[in-house]
Amino acid sequence: MPTLLLELSEPLYNLAYQIAEVTQQPLNTLLQNSIAQALPMYQGLPSALTLELTRLVLLNDVALWKVAGETWSLATQQVLDELLYKQSAGILTAVEQKQLHQIRHDYERLILRRAEAAILLKRRGYDVSKPTIFQQPLWQNQK
């Protein structure tokens, strides 16, 4: 395991030390677990998507609310519905199968972006517990 020298402010060190004592765990373990909890885990995702999700942390709050509230167009939803119908009826062509695969891929990307934006907003102190909050105008989303 790599070793890292980490400088902490005295108040942060004292707080971590107290928590380690109270929870009866080594300070090193407490700090490793704390860092692991704070960092996003994108294992298994394509590198382009990992980079895209990582860059969300750089966005301001208004931009994050926009990402968290992203939706599909009605046209895309209608195409998806038609493709799914054809798939269930067994009449989906190879070209349509590729189109369906791409739409599903885009949907997964959209959901991951929205979820990561919601996590970041939560960490910034916003209440994101109600899904309808993402449908409100951006200026109504208060901490």
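The values are calculated or read from the model by the stated rules, or taken from the named source; none is laboratory data. These numbers were taken from a predicted model, which means no experiment stands behind them. Positions of Cβ are generated from backbone atoms using ideal geometry, with glycine treated the same way; all protein chains shown enter the neighbour counts.
General observations
- Residue match in the stretch 86-105 (condition: touching a residue at least 12 places away in the same chain (Cβ under 8 Å) and within 30 Å of Leu6 (Cα to Cα)): no
- Condition met for Leu83 (surrounded by 15 or more Cβ atoms within 10 Å (Cβ to Cβ), more than 30 Å from Tyr17 (Cβ to Cβ), free of Cβ contacts under 8 Å to residues at least 24 places away in the same chain and not assigned by TED's automatic domain parsing to the domain that holds Tyr17): yes
- Checking each residue in the stretch 12-70 for being of a type in the set (Val, Ile, Thr) and outside any helix (DSSP H, G or I) picks out only Thr23.
- Residue check, Ile103 out of contact with any strand residue (DSSP E or B) (no Cβ under 8 Å at 6 or more places or on another chain), surrounded by 16 or more Cβ atoms within 10 Å (Cβ to Cβ) and assigned by TED's automatic domain parsing to the domain that holds Gly69: yes
- Of all the criteria given as (1) part of a helix (DSSP H, G or I); (2) exposed (fewer than 13 other Cβ atoms within 10 Å of the Cβ), the one not satisfied by Gly125 is (1).
- Residue in the stretch 24-39 that is in contact (Cβ under 8 Å) with a residue 40 or more places away in the chain and under 14 Å from the mean Cα position of the chain (by Cα) present: no
- Looking across the stretch 24-46, just one residue is loosely packed, with under 12 Cβ neighbours inside 10 Å and in contact with a helix residue (DSSP H, G or I) (Cβ under 7 Å, 6 or more places away or on another chain), and that is Pro26.
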